[in-house]
Amino acid sequence: MKIISITEILQCNELIKSKGLEFKIHLRDACGKQSCWIEAFHEPTSSAQWEELYKALEEFFSNLRFKLEYGENKTDFWLL
């Protein structure tokens with residue numbers, strides 16, 4: 001099982017910032033799979049901003065050979 005590093009999470013946050021998106025990804029360690037949560041700097045954030053964020057996350061993590069599984073509220077996700 002591949003493990004995401006703190007450095008890779010920092011790189012992801014830099015990518016998000018460079019796209020002008022006002023979010024931050026936080027890493028949690030979990031048994032069996034790693035999990036992350038999304039912090040929005042401003043509430044409410046437009047649905048277009050969220051969709052752009054999800055697209056950036058999918059692109060970033062797929063380049064690292066991870067698949068994402070989102071929780072019900074789509075602010076939590078797991079790296080598979």
Is it the case that some residue within the range 31-49 is under 9 Å from the mean Cα position of the chain (by Cα), in a helix (DSSP H, G or I) and of a type in the set (S, T, N, Q)?
no
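Here's a check for you: in the range 34-44, which residue that is loosely packed, with under 13 Cβ neighbours inside 10 Å and either of a type in the set (S, T, N, Q) or out of contact with any Lys or Arg (no Cβ under 6 Å at 6 or more places or on another chain) (or both) is nearest to residue 2 (Cα to Cα)?
Here is the first cut: in the range 34-44, the residues loosely packed, with under 13 Cβ neighbours inside 10 Å are 39, 41-44.
Among the residues that remain, those that are also either of a type in the set (S, T, N, Q) or out of contact with any Lys or Arg (no Cβ under 6 Å at 6 or more places or on another chain) (or both) are: 41-44.
On the way: 41: 29, 42: 32, 43: 33, 44: 34 Å.
Only one residue tops the list, namely 41.
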Looking at the range 14-33, can you tell me whether even one residue there is over 18 Å from residue 70 (Cα atoms) and polar (S, T, N, Q)?
yes
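For the structure I just gave you, tell me whether residue 5 is open to solvent by 50 Å² or more (accessible area, probe 1.4 Å) and over 12 Å from the mean Cα position of the chain (by Cα). Reasoning before the result, please.
On the way: open to solvent by 50 Å² or more (accessible area, probe 1.4 Å): no; over 12 Å from the mean Cα position of the chain (by Cα): yes.
No, not satisfied.
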Would you pick out the residues in the range 45-76 that are surrounded by 13 or more Cβ atoms within 10 Å (Cβ to Cβ) and closer than 19 Å to residue 7 by Cβ?
56, 57, 60, 61, 64, 66, 68
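One line per residue, one yes/no per condition, for (1) under 18 Å from residue 73 (Cβ atoms); (2) among the small types (Gly, Ala, Ser):
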{"site": "5", "(1), (2)": "no, yes"}
{"site": "13", "(1), (2)": "no, no"}
{"site": "23", "(1), (2)": "yes, no"}
{"site": "26", "(1), (2)": "yes, no"}
{"site": "46", "(1), (2)": "yes, yes"}
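The values are calculated or read from the model by the stated rules, or taken from the named source; none is laboratory data. The shown structure was predicted, so the numbers you read here are calculated from the model rather than taken from an experiment. Virtual Cβ from ideal backbone geometry, glycine too; neighbours counted across all protein chains shown. Note: areas computed on protein heavy atoms with side chains; ligands, DNA, RNA excluded. Shrake-Rupley method; radii C 1.70, N 1.55, O 1.52, S 1.80 Å.
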